[in-house]
Amino acid sequence: MRLERETLTERNTLLERKTDVVIVGGGPAGLAAAAALREKGVEDIVLLEREDRLGGVLNQCIHDGFGLERYGENYSGPEYAAFDIEKVDELGIETHCCAAVLSVTRDAGWETAAGPQRLKVLTAEPEGEGVYRSKAVIAATGCRERTRGAIEIPGSRPAGIYTAGEAQSFLNLHDLLPGKRIVIVGSGDIGLIMARRLTLEGAEVVCVVEKESVPGGLQRNIVQCLEDFGIPLHLNAEIRKVYGKDRVTGVDIEQTVQFETHSWHCSCDTLITSVGLIPENEILQTEGPGLFVVGNARYVHDLVDQVSQEGIDAAGEAVSYLNSLEMDAGWKSGGNGTVGDGERNGSEKCGCGINRESFSIERLKSVREAKKRELAARKREAAAQNAWENHLTGNAGQKELTCILCPNGCRIGQDLSGARCDKGRRYAREELVEKRRVLTTSVKVEGGDLPLVSVRTDRRIPKDCFKQAMEEICAMTLDAPVKRGQTVCEDLAGTGARVVATKDVVPGTETRQTENH
Ligand SMILES: Cc1cc2nc3c(=O)[nH]c(=O)nc-3n(C[C@H](O)[C@H](O)[C@H](O)COP(=O)(O)OP(=O)(O)OC[C@H]3O[C@@H](n4cnc5c(N)ncnc54)[C@H](O)[C@@H]3O)c2cc1C
Ligand code: SF4
């Protein structure tokens with residue numbers, strides 16, 4: 001039961017209310033937690049999302065690569081989100097969009113001295129502020145990007161500098177190309193994915209600049225986003241200066257190779273930064289029992305499947321917590337929820353490794369630090385194993401290739417050694433003859449609530465056909481509504497592949513921007 005903006009006027013009476021669980025954030029972590037809570041018998045759940053639709057960052061991640069662990073399939077972001085949104089709808093969970101949570105505090109004075117305190121969730125909603133007094137809160141608020149300021153690039157402050165997520169949102173949600181000649185700083189997965197996306201849309205990505213000696217993103221993204229399109233990656237390199245008065249006109253790049261440093265000027269009209277993500281949880285102004293932090297709000301995950309699992313685990317923990325409250329003689333039954341039969345041992349560790357009884361911000365920080373160290377070690381190991389340098393020269397590609405079908409990124413020899421599964425062996429056989437990729441992009445829509453619908457080919461098509469395929473797709477315009485799964489082209493570029501929509505676009509009033517950003 002989704003309350004749309006138009007019907008929110010009915011909610012004046014709801015603006016101060018008691019609940020069993022408030023979930024903050026309608027991305028994959030929050031959606032998975034909501035469904036799991038209901039399946040465990042919790043009735044009184046409210047999910048609050050500050051954007052005008054559910055799905056979180058997945059809405060703008062129109063590429064594939066989602067759901068390999070959870071579903072064993074390679075979905076796009078909007079498809080993955082749609083499954084969870086449908087489930088939450090089917091389970092009749094109350095969700096409010098355009099509802100930004102301002103703070104989560106402990107509601108000290110509200111219960112009697114004998115009873116437990118509730119958490120107080122303050123929201124800004126279209127009608128004004130709302131207060132939810134909840135027994136438990138699951139914070140699934142995701143993360144935000146580090147900006148140019150955070151990495152201190154010197155030079156002027158012209159227009160044309162964006163984070164990769166901003167550029168992704170411009171392009172995939174608003175049909176705006178951020179620039180024509182682009183330098184990307186940082187080789188994390190988002191930067192790599194944007195390098196490919198911008199190239200497909202006709203921009204020239206001059207290079208990706210990475211200050212570390214190994215790429216930050218997955219090997220499969222180095223292959224399918226950079227190597228496939230001949231985009232250079234400069235390692236051990238940094239942007240030393242940004243030029244431009246009104247708009248970026250160029251950057252100075254400095255690179256150190258074997259103790260020798262050289263620098264060069266690179267003209268460009270856009271600089272995109274992909275320099276890391278920071279968990280977003282400033283709204284949490286309390287800690288302790290009843291508060292659960294999941295997904296990217298806890299630490300930044302590589303895979304959405306892990307995020308969803310954390311949401312499910314946190315729901316189990318929240319149910320245990322609610323049950324332990326019920327057993328407390330001092331509890332004044334304020335909420336109207338009935339709690340299902342989750343495990344009753346309230347001090348057990350949750351699947352996320354946080355003991356909720358001792359949960360604290362300090363503890364959260366140390367989990368993140370440990371995770372960072374683990375990720376850094378994994379990256380170093382992967383870089384050594386994969387000998388990525390050879391790959392970047394293009395020489396080793398003849399002898400060995402990287403399987404791009406899953407994040408393992410196995411290195412497969414011409415004799416098919418190194419592949420961990422049959423799927424990978426099939427991929428390698430095909431790749432040695434002809435490179436084929438699934439093409440994910442978007443098609444213009446008239447009269448919809450979004451100006452674009454994300455689409456994908458229903459099979460891998462020869463990479464050499466991408467140019468023609470993109471020309472055909474750019475020439476298309478659809479009329480709203482468009483349904484997820486709808487075929488929008490029967491035979492793309494003579495490859496025999498169908499193009500299918502990967503999200504719904506309903507009739508609406510989004511106006512198309514005609515100018516580039
Ligand atoms: C560019 C990119 C590419 C990726 N590629 C892949 C991939 O190929 N495969 C893969 O498995 N994973 C991929 N991921 C990772 C995966 O998408 C994320 O890990 C996952 O979406 C995080 O889920 P989340 O629910 O924690 O956060 P989010 O999806 O960010 O959701 C958080 C939600 O909380 C809301 N929110 C935040 N603060 C508030 C507030 N105060 N009040 C109300 N609502 C709030 C936000 O609006 C948002 O909707 C990618 C991520 C990115 C960014
Ligand atoms: S060969 Fe390796 S990378 Fe390819 S699908 Fe199998 S496990 Fe994944």
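Worth a mention:
- Scope segment 385-410; condition of a type outside the set (A, V, I, L, M, F, W, C), part of a strand (DSSP E or B) and either open to solvent by less than 30 Å² (accessible area, probe 1.4 Å) or modelled with pLDDT of 90 or more (or both); matching residues: THR402
- Boolean, ALA237 is of a type outside the set (Lys, Arg), modelled with pLDDT of 90 or more and under 28 Å from GLU43 (Cα atoms): no
- Filtered by the rule that a residue be in contact with a Phe, Trp or Tyr (Cβ under 6 Å, 6 or more places away or on another chain) and open to solvent by less than 30 Å² (accessible area, probe 1.4 Å), segment 63-86 gives PHE66, GLY67, GLY77, TYR80.
- Candidate set: segment 454-501, residues that are among the small types (Gly, Ala, Ser) and not in a loop (DSSP other than H, G, I, E, B); chosen: the one surrounded by the most Cβ atoms within 10 Å (Cβ to Cβ): SER454
- Flag for GLY65 being part of a loop (DSSP other than H, G, I, E, B) and at pLDDT below 95: no
- Listing of strands (runs of 3 or more DSSP E) fully contained in segment 213-287 that carry 1 or more residues being in contact with an Asp or Glu (Cβ under 8 Å, 6 or more places away or on another chain) and open to solvent by 50 Å² or more (accessible area, probe 1.4 Å): 237-243, 250-257, 260-267, 277-279
- Inside segment 254-293, residues that are touching a strand residue (DSSP E or B) at 6+ places or on another chain (Cβ under 8 Å), in contact (Cβ under 8 Å) with a residue 60 or more places away in the chain and not polar (S, T, N, Q) make up a count of 18.
- Scanning segment 176-192 finds one or more residues that are within 16 Å of ligand 2 (Cβ to nearest atom), at pLDDT below 95 and closer than 26 Å to PRO279 by Cβ.
- Lone unmet requirement of (1) at pLDDT 95 or above; (2) open to solvent by less than 70 Å² (accessible area, probe 1.4 Å); (3) not aliphatic (A, V, I, L, M) for ARG11: (1)
- Residue check for VAL307: part of a loop (DSSP other than H, G, I, E, B), of a type in the set (A, V, I, L, M), more than 17 Å from SER134 (Cα to Cα) and at pLDDT 65 or above: no
- Filtering segment 457-488 to residues that are out of contact with any Asp or Glu (no Cβ under 9 Å at 6 or more places or on another chain) and among the hydroxyl-bearing types (Ser, Thr, Tyr) leaves only THR457.
- The number of residues in segment 24-62 that are near ligand 1 (Cβ under 8 Å from one of its atoms), in contact (Cβ under 8 Å) with a residue 40 or more places away in the chain, open to solvent by less than 20 Å² (accessible area, probe 1.4 Å) and part of a loop (DSSP other than H, G, I, E, B) comes to 6.
- Entry remark, segment 202-212: residues being modelled with pLDDT of 95 or more and open to solvent by 50 Å² or more (accessible area, probe 1.4 Å) number 1 in total.
- Residues of segment 401-417 that are away from ligand 1 (no atom under 16 Å from the Cβ) and in contact with a Leu (Cβ under 6 Å, 6 or more places away or on another chain): ILE412 alone.
The values are calculated or read from the model by the stated rules, or taken from the named source; none is laboratory data. No experiment lies behind these values; they were computed from the predicted model shown. All Cβ positions, even for glycine, are placed from backbone atoms using ideal geometry, and neighbour counts span all protein chains on display. Each accessible area value is taken on the protein alone, full model and side chains, heavy atoms only, with ligands, DNA and RNA left out. Shrake-Rupley method; radii C 1.70, N 1.55, O 1.52, S 1.80 Å.
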